[in-house]
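J.: Before I ask anything, here is the structure I am working with.
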Amino acid sequence: MADEVVLLDFWPSLFGMRVRIALAEKGINYENKEQDLWHKSPLLPQMNPVHKKILVLIHNGKSVCESLIIVQYIDEVWKEKSPLLPSNPCQRAHARFWVEFVDKKVYDVQNRLCTSKGEE
Ligand SMILES: N[C@@H](CCC(=O)N[C@@H](CS)C(=O)NCC(=O)O)C(=O)O
C-alpha cells in the first residue's frame, strides 16, 4: 500500500521550506494542506495539540510535529534515497550547527512575519 503523506503548511514559512526541500530530495509525493494561521482549521490542534502550529506531517494518519523533527523522521523512514546529512561526523556536526543557528536567529523574525497583519 502506498504511503499517505499530508503536510500542514503555510507557504511563507521557512520551517515549511525546510520540510518541503526534504520531501523533494527524497522524491516523496504528498498532499499539501495550506493552513490559515489566523483562522485555524480543527485539524491543526487535533494533529498538533501541544503547540497548535504548523509544521505538521501526517504519515498514514499519524502526526509528526516540529520541522526539524519532521526532517529527521523523513530521513529515517525513507532512508534508502538521498541521505539528508553527510556521512562524515565532522560535516554532520557542521550541518547541525547551522540548523541550530537558523532556528535561534530566524525563529522570532519568522514567527512575527507569519502572524503579522498588514502594517504591524
Ligand atoms: N519550531 C517550529 C516553529 C513552528 C512555527 O513557529 N510555526 C508558526 C508559523 S511559521 C505558526 O504556526 N504560528 C502560528 C501561531 O503561533 O499560532 C517548527 O520548527 O516547526
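J.: Run through the DSSP bridge list for the chain and note the antiparallel percent, rounded to the nearest 5. Write out the running numbers ahead of the final one.
T.: Values: 8 of 12 bridges.
Of the beta bridges lying entirely in the chain, close to 65 percent run antiparallel.
J.: Considering only protein heavy atoms and a probe of 1.4 Å, how much of the accessible area of the range 5-85 is carbon and sulfur, as a whole percent?
T.: Working: 2710 of 4580 Å².
Of all accessible area on the range 5-85, carbon and sulfur atoms account for 59 percent.
J.: Only helical DSSP H runs with n ≥ 4 go in: add -39500 (n - 2.57) per run for the chain, normalise by residue count and round the 222 nm mean residue ellipticity to 500 deg cm²/dmol.
T.: On the way: 4 runs with 56 residues, N = 120.
Rounded to the nearest 500, it is -15000 deg cm²/dmol.
J.: Mean-square fluctuation check for the chain, GNM, Cα pairs under 10 Å: which of Gln72, Gln91, Gln35 is largest?
T.: Per the Cα network of the chain with a 10 Å cutoff, Gln91 tops the list.
J.: Classify the range 5-85 as rounded, prolate or oblate from the Cα gyration tensor: take a ≥ b ≥ c as the square roots of its eigenvalues, call it rounded if a/c is under 1.5, otherwise prolate when a/b beats b/c and oblate if not. Walk me through the intermediate numbers first.
T.: On the way: a/c = 2.02, a/b = 1.73, b/c = 1.17.
Cα axes put the range 5-85 in the prolate bin.
J.: Given Lys26/Lys53; Lys62/Lys117; Lys52/Lys117; Lys33/Lys117; Lys26/Lys117, which pairs have Cα atoms separated by over 30 Å? Mind dumping the intermediate values first?
T.: Values: Lys26/Lys53 24 Å; Lys62/Lys117 32 Å; Lys52/Lys117 19 Å; Lys33/Lys117 22 Å; Lys26/Lys117 35 Å.
Lys62/Lys117; Lys26/Lys117, as the Cα separations exceed 30 Å there.
J.: How high is the FRET efficiency from Glu4 to Trp38, r the C-beta distance, R0 30 Å, rounded to 0.05? Walk me through the intermediate numbers first.
T.: On the way: r = 28 Å, r/R0 = 0.92.
That gives a FRET efficiency of 0.60.
J.: Out of Val99, Leu7, Pro83, whose Cα points farthest toward the positive end of the dipole of the chain (charges: +1 Lys, Arg; -1 Asp, Glu; placed on Cβ)?
T.: Looking along the dipole axis, the top candidate is Val99.
J.: Just tell me the longest site-free run in the chain, where the sites are trypsin sites (Lys or Arg not before Pro) in a DSSP loop having at most 15 other beta-carbon atoms within 10 Å.
T.: Working: sites that count: Lys40, Lys52, Lys79, Lys81, Lys117.
Longest gap between qualifying sites, sites excluded: 1-39.
The values are calculated or read from the model by the stated rules, or taken from the named source; none is laboratory data. Predicted, not measured: the structure shown is a model, and the values here were computed from it. Ideal geometry is used to build each Cβ from the backbone, glycine not excepted, and the neighbour counts take in all protein chains shown. Heads up: the accessible areas ignore ligands, DNA and RNA and are worked out on the full protein's heavy atoms, side chains in. Shrake-Rupley method; radii C 1.70, N 1.55, O 1.52, S 1.80 Å.
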